[in-house]
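For reference, the structure discussed in these notes is given below.
Values quoted throughout were computed directly from the atomic coordinates according to the rules given, and no laboratory measurement underlies them. The shown structure was predicted, so the numbers you read here are calculated from the model rather than taken from an experiment. In this analysis, Cβ positions are derived from the backbone assuming ideal geometry, glycine residues included, and neighbour counts consider all displayed protein chains.
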Amino acid sequence: AQKVTQAQTEISVVEKEDVTLDCVYETRDTTYYLFWYKQPPSGELVFLIRRNSFDEQNEISGRYSWNFQKSTSSFNFTITASQVVDSAVYFCALSEDTSGTYKYIFGTGTRLKVLA
Amino acid sequence: GAGVSQSPSNKVTEKGKDVELRCDPISGHTALYWYRQSLGQGLEFLIYFQGNSAPDKSGLPSDRFSAERTGGSVSTLTIQRTQQEDSAVYLCASSPLRGAGELFFGEGSRLTVL
């Protein structure tokens, strides 16, 4: 069965610190997709990244980077030199074909607080 | 508009009343999803539409919940005989791709059942 675990409920860091948000997933499929979304205080979820299961190459986008490791079923997200504007709830999600349905399963989210 | 539109943005109702929540996806997006987010919680999958059909209704919490989609576009989530535990933010998302694409979320409909 699909499952996404974000063990960190809340993290507080001081501005300019680096922070890593953990995501561990479970799936029986060989083809699946992993996502990260940001939900700022305003409430609307914003897409950050999508990876497919065949591409384990790590990705960097500005201060954001993602580490995908199939061996540990993890898809961790690192923010370098955090800023107050990074304060939000971050969700990891998994999508796979389950009998013709693509159901995106979300983790419970990690609330990141960046203090000035 | 260019994004996913949901209405109403806020709904306060009395226990036992029926409510309808509407989602207008991005034009051309064939996949449409409903999620529920309770206070401080993650996103709970409710139902998924591909076109007008709903291959998976397993996430609907009870038979008081139903949803439909017409013309491959607008979707309505109906909650009958609302209960206090139905209070949550109901999020709609659409996607142009079947399973592989990013989800575009609306701002949600906040439902409060008194």
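Some notes on this structure:
- Sequence-ordered 3J(HN,Hα) estimates for the range A:37-42 from the Karplus curve with 6.51, -1.76 and 1.60 and θ = phi - 60° stand at 10, 10, 10, x, x, 5 Hz, glycine and proline given as x.
- Which listed pairs, of A:Lys38/A:Lys70; A:Lys103/B:Lys15; A:Lys3/B:Lys11; A:Lys38/B:Lys15; A:Lys3/B:Lys15; A:Lys38/A:Lys103, have C-alpha distances above 26 Å, in listed order: A:Lys103/B:Lys15; A:Lys3/B:Lys11; A:Lys38/B:Lys15; A:Lys3/B:Lys15
- Cα centroid separation - the range B:71-114 against the range A:1-54, whole Å: 21
- Annotation: lysines with alpha-carbon distance below 25 angstrom to B:Lys17 (same-chain offsets under eight excluded): B:Lys57.
- Relative contact order [Cα under 8 Å, 6+ residues apart], the range A:27-90, whole percent: 29
- Percent RCO, i.e. relative contact order, over chain B, from Cα pairs under 8 Å lying at least 6 residues apart: 37
- Between B:Ser5 and A:Glu17, the FRET efficiency from the beta-carbon distance, with R0 = 35 Å, is close to 0.40.
- Furthest towards positive pole of dipole, B:Gly16, A:Val85, A:Thr20, structure part the protein assembly as shown, Cβ charges: B:Gly16
- Working from Cα pairs under 8 Å separated by at least six residues, relative contact order for chain A is 37 percent.
- Neighbour counting of Cβ atoms within 10 Å sorts the residues B:Thr70, B:Thr76, fewest neighbours leading, into B:Thr70, B:Thr76.
- Annotation: for a label point projected 7 angstrom from Cα along Cα→Cβ of A:Ser42, residues of the range A:65-94 with backbone N closer than 20 Å are A:83-91.
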